[in-house]
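Contents: one structure, followed by commentary.
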Amino acid sequence: MELKEFVALVPRFANLTHPDKILHFGWYLHKHKQMATFTQADVRACYKDRHMEPPNLSDVFTRMLARKPKVLLQERSAYKLEHSTREKLNDKYGEHETTIAISKLLRDLPGTISDKAEQLFLSEAVICYHSRAFRAAIIMVWNLTYDHLLNWILADATRLAAFKAHIAGRVGPKKAAAVTIAKREDFEDLKESEVLDICGTAGLFASANIKKVLDMQLAKRNMAAHPTLMIIGAPEAEESISTLVQNVVLVLK
């Protein structure tokens, strides 16, 4: 995880006191940079990375070392978080193996996406997922995938022609006569389920499994978007993210 992603996970990070910022930076350096100890220079680099003015670190570190109960320990000219302090931050921001894999999948995705709308959906999906807003993460990843699908249709004249030729067969001739697909916004005249069915009927997907994946994930998105008693946690969000990214976004090129 990059530092900017971690900072985005911490509510109102800019409003934290400098000692709390330093504890969070220290946890990040321990956890994500695999540093057993860190120096004042390492913390200063974190401030610089996030375009924040650092305080007098010598003074702040001196005060933090004097706190009781202990939050920070010193080893010569380096420092490390006291165990209970580190565990508290682990509980708050720690990641299990699946979460790390999903985080990497989302981090690597921007290199394959050039569309600005899709980049926005992706950045919001990352923030939602890491903030444990799993319903929102499912919704944003669906938005990313659906937008990617529409751009994929529009990017090829043959695909677009096949899609338009099969609109009437799905929605009826009267509605089809009022639908003109030439740009991204034109798809708003069709329901998402109708777009998926038209793609399937037109044979746009190389594998029928892509249509099945989209149908299942649209249903899951609908459950996440509407008030229900269904509990949606990390496993459900991780399944949606992995399935849609690997089987749709990275396949439709």
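Pairs of Cα atoms nearer than 8 Å and 6+ residues apart set the relative contact order; for region 34-89 it is 34 percent. Figure note: Arg63, Arg50 ranked by solvent-accessible area, largest first, 1.4 Å probe, ligands and nucleic acids not counted: Arg63, Arg50. Residues whose amide H falls under 5 Å from that of Glu82, counting only those 5 or more places apart or on a different chain, are Leu72, Leu73, with hydrogens built in the peptide plane.
On a full-extension model of 0.36 nm per residue, what is the gain between Ala234 and Thr201, subtracting their alpha-carbon distance, rounded to one decimal in nm?
My answer for the length gained is 8.5 nm.
For the peptides 136-146, 189-199, 156-166, 11-21, residues were scored by their other Cβ atoms within 10 Å and the scores averaged per peptide; the highest-first order is 136-146, 189-199, 156-166, 11-21. Placing pseudo-labels 7 Å out from each Cα toward the beta carbon at Ala225 and Leu65 gives an inter-label distance of 5.6 nm.
For region 120-253, the solvent-accessible area of protein heavy atoms averages 48 Å² per residue (probe radius 1.4 Å; ligands and nucleic acids excluded).
In the set (i) 53; (ii) 60; (iii) 48, the label that goes with percent of Cα pairs over 23 Å apart computed for this structure is (ii).
Mean separation of Cα pairs under 8 Å and 6+ residues apart, divided by the residue count of the chain: what relative contact order is that in percent?
17
Approximating the spin labels as points 7 Å out from Cα along Cα→Cβ, the Asp186-to-Gln74 distance works out to 7.0 nm.
Between Asp115 and Glu194, the simple label model (points 7 Å from Cα in the Cβ direction) yields a spacing of 1.9 nm. The fraction of accessible area contributed by carbon and sulfur in region 146-190 is 55 percent, rounded to a whole number (1.4 Å probe; ligands and nucleic acids excluded). Heavy-atom accessible area, probed at 1.4 angstrom with all protein chains present, ranks Glu236, Glu118, Glu5 as Glu236, Glu5, Glu118, highest first. Under 17 Å from a point 7 Å along the Cα-to-Cβ line of Glu2: which residues of region 42-57 have their amide N that close? Answer for region 42-57: 46-52. Exceeding 20 Å between C-alpha atoms, which entries from my cross-link table qualify? They are Lys191/Lys211; Lys48/Lys68; Lys116/Lys183; Lys183/Lys212; Lys175/Lys211; Lys21/Lys70. Listed pairs above 20 Å: Lys48/Lys68; Lys183/Lys212; Lys175/Lys211.
The values are calculated or read from the model by the stated rules, or taken from the named source; none is laboratory data. All of these numbers come straight from a predicted model, not from anything done at the bench. All Cβ positions, glycine included, derive from the backbone under ideal geometry; neighbour counts span all protein chains shown. These accessible areas exclude ligands, DNA and RNA; they are computed on the full protein's heavy atoms, side chains included. Shrake-Rupley method; radii C 1.70, N 1.55, O 1.52, S 1.80 Å.
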